[in-house]
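First the structure, in the form of structure tokens, and then the observations on it.
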């Protein structure tokens, strides 16, 4: 298979490829397998009324081949992938402009590598005009322009009114060249050319697969590779990609290397867990939360999106915490902190133990981190006065190291001034107050109370049934 | 001692001193007059500081010698890191997952279709009220929907096309968006339908290239952004001041996600350099990085427990990385999937991973077993964005076919 020389392979192989190229390469690998003489799709010439149809294969051939060779179980999936490959222009139906795959006897033909999208085609409208013009010169009923093509031609004639004579001449020249070709060869080439334009000027309503994500476009627009002219007309001057201004000068490389080394060293020093432990942890987490996952356990009374009934959302918003919700607080400390009702219950519990200042401090510092930067210094002072200053009304107990650090931080107040103290208090609450909360009668009652209510019909059976 | 050797020793000593000073200045903020570290903020990156640093480092040795040695050292450390990571790899996740039951068939259908965008939908975000959605598109429009009723509640026209990022504020009272304008702007949502939202627009973030993602950090007052200029940054909404910037990616940063923890201060980002990095928001340092993808990383999302995250890439795979094991622990791929994954998200329990792909489909993966559970057809062009709702009852996908679909 001839590969056009403009598609140079980078020395790193895959490494430097733009994302689109990666996909094209994969599709081309599949095409290569499809065209393999031994294991590929059988290509044949079909005799039809008064003529031969060269070099075709049927839609169902493709689907069957894909299911067998690409490990696809589902026919729908094979059809979908096949349609995508057709839409990108790797094979096409010989008698339809719409590029899609049908699982029946419809005939398809492979596209010639010259026209493959990996050649970075960006054909100009002038080329399209030449092509449409050429088509009108061919006196064959089956080559008549479709409606949308006729409209395009009219539009282009208006747009290129001044150049039209030149375009017409080009079209004539192309038509002459075509006439000289062998009849069968011409049939094949005509269909391939038509398929090329079906990709780059698709039927209205069809997806234009040449559209690119603008974030990646800078790497796809490789000026020396992009081919804009199909019929040898003047190339336009390359323009800059809209998303990329030229990269700033490379930063001092020695500095960057030193930073990299620092980075690797920090990562090397980090403590790692064994895979088996991690896997167990992931499994148990999923297991624990599966009853809360609406994709596995239908929410009470129903999933609003399916039943159109918002009761479950209303229940969630109410202050009443259902048993399932209460149970969740027992999973870990963070669950209590996340749920506003959980926080409230925990606060009440702490108040009963006269240690609510810990939670209030923690909440205040969380709040501090969310304030606009302008308010930070005053809030820091307020929190200090309330919780940490000597003689503070809600004095909290922090270790001396955190206390000293915080005293330092206060002098230059920032959002993280209380970070150490907050971490210490968090650990304290988690290891001490939280475990007592979960074992407390108040919590257990909430857990049981709902259970009692959920217990249904009292169990006595009337046995005198004769 | 030979004079040459002497010279080398002196040079090495000098370099050691120079490098140590470089380290101190970079990492100890109290030694230098600017608040944040040296290279953390391009706007406060005074030329004078850089000059001093460069002078110190360059003076210490021959630039070409040192660069080569440094590079080799860097490579050696990197290889060593890979070795260390591999040592604890005693079993595969899917092997451990063999003991749990396989998932049955799921019935997931489109429950709502949101039509109204005039061009490709590029980004979406859910409101905390579990029913509202903000979405942005290529034609510059940002629309706020009540997805439950499919009504459009607000619409804003941005002055630029390709609005690639949008986010809903936690309070539900504002949305942020940006794209080719290199900025992130915040629009307060007013209850008055007739009010022109564009008039109250507030420009917050300024980058030197397109904005690829934005996210509020648990409060209406701060926004985290990522950009095509290779950096991420944290901004104070009210003043527009940059609070912290994050440098480390070698190419465009395409996505980011905040850690779900109550106490955490970290987020993960992914970029065109095939790397995903975990950052400490307080110090601006990259604390962990992973480089196993073969192409751009389009989307990153934390596992619900915060101990792991998934990434979707143009190499047609999604991968799961665990932060405690410090490595990639699963790859989600199939021979028949050749188009890139543009967007990923987890179900509430983390058992399912939903991936939106450039082949117009959504693949649903069993996270633990590594197998595909379901493939969802429906969109007529690329799926560009996908998010699970805050309570996990549904997920929404946005596509280049101009529509959004709610699946449950």
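Since every read-out is calculated from the coordinates, none of them should be taken as a lab result. What you see is a predicted model; the values in this text were computed from it and never measured. Positions of Cβ are backbone-derived with ideal geometry, glycine not excepted, and every protein chain shown enters the neighbour counts.
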Helix B:3-27 versus the longest principal axis of chain B: what angle, 0 to 90°, nearest 10, using Cα atoms?
-> 40 degrees
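To the nearest whole number, what is the average tally of beta carbon atoms from other chains within 10 Å of the beta carbons of peptide B:292-303?
Numbers: counts 0, 0, 4, 9, 7, 0, 4, 0, 0, 0, 0, 3.
That works out to 2 on average.
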Within a 10 angstrom radius of each residue's Cβ in B:202-215, how many Cβ atoms of other chains show up on average? Whole number is fine.
-> 1
Once you sort the root eigenvalues of the Cα gyration tensor of the range A:34-104 as a ≥ b ≥ c, which label holds: rounded (a/c under 1.5), prolate (a/b larger than b/c) or oblate (the other case)?
-> oblate
For helix A:75-87, what angle does its Cα long axis make with the longest principal axis of chain A, in degrees from 0 to 90 and rounded to 10?
-> 60 degrees
Where a ≥ b ≥ c are the square roots of the eigenvalues of the C-alpha gyration tensor, would you call the range B:287-364 rounded, which needs a/c under 1.5, or, failing that, prolate if a/b is larger than b/c, or oblate?
-> oblate
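For chain B, rounded, prolate or oblate, judged on the Cα gyration tensor with a ≥ b ≥ c (square roots of eigenvalues), a/c < 1.5 rounded, else prolate if a/b > b/c?
Numbers: a/c = 2.46, a/b = 1.43, b/c = 1.72.
Since a/c reaches 1.5 but b/c is at least a/b, the shape of chain B is classed as oblate.
To the nearest whole number, what is the average tally of beta carbon atoms from other chains within 10 Å of the beta carbons of peptide B:267-273?
Numbers: counts 0, 0, 0, 0, 0, 6, 0.
Average neighbour count from other chains, rounded to a whole number: 1.
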Contact order relative to length of chain A, as percent, for alpha carbon pairs under 8 angstrom and 6 or more apart = 10 percent
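With contacts defined as alpha carbon pairs under 8 Å and 6 or more residues apart, what's the relative contact order of the range A:55-163 in percent? Show your work: numbers first, answer last.
On the way: 99 pairs, mean separation 24.1, N = 109.
For the range A:55-163, the relative contact order is 22 percent.
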Quick one: which of B:73-80, B:340-347, A:85-92 comes out on top by average Cβ neighbours within 10 Å, and what's the full order, highest first?
-> B:340-347, A:85-92, B:73-80
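Which of the peptides A:124-134, B:82-92, A:271-281 is most tightly packed, and how do the rest follow, judged by the mean count of other Cβ atoms within 10 Å per residue?
Details: A:124-134: 20.9, B:82-92: 13.3, A:271-281: 16.8.
Output ranking for A:124-134, B:82-92, A:271-281: A:124-134, A:271-281, B:82-92.
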Quick one: angle between helix A:340-352 and the longest Cα principal axis of chain A, in degrees between 0 and 90, rounded to 10, please.
-> 20 degrees
